[in-house]
Amino acid sequence: MIPMFQPDDIAPHLDIAALLPAAKDAFRAISDGSAQAPVYVLHPNDMADIHVKSACLPDCPIFTVKMAGWSQVLIDRGEPASSGLIVVFDSITCKPIAILQDNHLISDYRTAAAGAVVAELLVPVDAANALVVGTGMQARLQVEALLLSRRVQQIAVWGRDPQKSEQLRDDLAKTHSETEFSLVGDLAEAVPLADVILTATAAKDPVIDANWLRPGQHITSVGSDDATKCEIDPQVMAKANIFVDACTSGEAFGSPHRAIAQGIITADDLTEIGTCLTHGTVRDPKGITLACLSGLGIQDLTAVRHLWQKIQAAAQLDLTGKAVT
């Protein structure tokens, strides 16, 4: 029997700060070409998608294949929208050794860790005001990721559902008493006031208009993870320095994909975050930076590699998935 781990087995080991090295490893592996990380996005109906992301690395004892789904039907029922699992394989034999039925938890936290890396690299050190657009799990985690490296004094919350917006504001205020949280109803008014904008939505059409932005701002967009989604006005690409987890995914998904399709930019205008980690980046204080993260399987692999020993220890398994006697 292949051991299976449930969300309750995995959640205690998840921590954004602890996953930062794994996130950096993933970004570097993407940019130096050492990672194999194909992505397939399927749309079984017009209200759902499922991402199949696999990855392997040289000299890594395991590799992973993830199947992660999202459904508007679940949202309409009042249930969590995300589901999925990650299968862990032995790199030598290619035999499956564990199933992580995480219901997207690992994806959530590795995306948050990626956002934290972006914050370290691109958010102005003196940023005082932030705006989070979205009210789900990733919106909350991106705020937590930002606050790991920046002492933002005020954070505004915007969401389509006022009740969910209030709940997110209240939850964040309970755990981050040093920061002031508020609600905003008009994005056109809120965006120019923010030094940092975090978008975590499933929007098919842009929620951030290019005309609302001003010099010196940073945007991290994590919701546009396929070709049908686009959180940021493609016209923003004409005035921003654009950073992506991988140029291939930037060309294929989200706002960069749409901007390239419209001829606003070319693929040569995209910079990989791994390149910044390796060679450094200098932020123009008068420019706009935009990081579009669509997520890759290599990020799942490096996160699972980081978690694997802890999961094994908790379940008393060896690297092959067999029980330790």
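The values are calculated or read from the model by the stated rules, or taken from the named source; none is laboratory data. This structure is a prediction, so every number in the text was calculated from the model and none was measured. Here the Cβ is made from the backbone with ideal geometry for all residues, glycine too, and neighbour counts use every protein chain on show.
Only one residue in Val222, Val191 is of a type outside the set (Lys, Arg), surrounded by 16 or more Cβ atoms within 10 Å (Cβ to Cβ) and within 19 Å of the chain's Cα centre (by Cα). Which one? Break it down stepwise before answering.
Working: Val191 fails: within 19 Å of the chain's Cα centre (by Cα).
The conditions single out Val222.
Specify which of the listed residues (Val184, Val207) is of a type in the set (Val, Ile, Thr) and over 30 Å from Cys276 (Cα atoms).
Result: Val184 is the single residue among Val184, Val207 that is of a type in the set (Val, Ile, Thr) and over 30 Å from Cys276 (Cα atoms).
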Q: Could you list all residues from the stretch 225-240 that are over 19 Å from the mean Cα position of the chain (by Cα) and farther than 14 Å from Val207 by Cα?
A: Met237, Ala238, Lys239, Ala240
Q: Working carefully through the options Gly274, Gly287, Gly280, find the one that is more than 20 Å from Lys229 (Cβ to Cβ), in contact with a helix residue (DSSP H, G or I) (Cβ under 6 Å, 6 or more places away or on another chain), among the small types (Gly, Ala, Ser) and not assigned by TED's automatic domain parsing to the domain that holds Cys60.
A: Gly274
Q: Could you check, for the stretch 84-91, whether at least one of its residues is closer than 17 Å to Leu296 by Cβ and either out of contact with any strand residue (DSSP E or B) (no Cβ under 9 Å at 6 or more places or on another chain) or assigned to a loop (DSSP other than H, G, I, E, B) (or both)?
A: no
Q.
Looking at the stretch 172-190, I want the residues that are without any contact (Cβ under 8 Å) to a residue 12 or more places away in the chain and have a partner that is exposed (fewer than 13 other Cβ atoms within 10 Å of the Cβ) with Cβ atoms under 6 Å, at least 6 apart or on another chain. Which pairs are those?
A. none
Q. For Gly274, all conditions in the list (1) in contact with a Lys or Arg (Cβ under 9 Å, 6 or more places away or on another chain); (2) touching a residue at least 60 places away in the same chain (Cβ under 8 Å); (3) part of a loop (DSSP other than H, G, I, E, B) hold save one; what is the number of the exception?
A. (3)
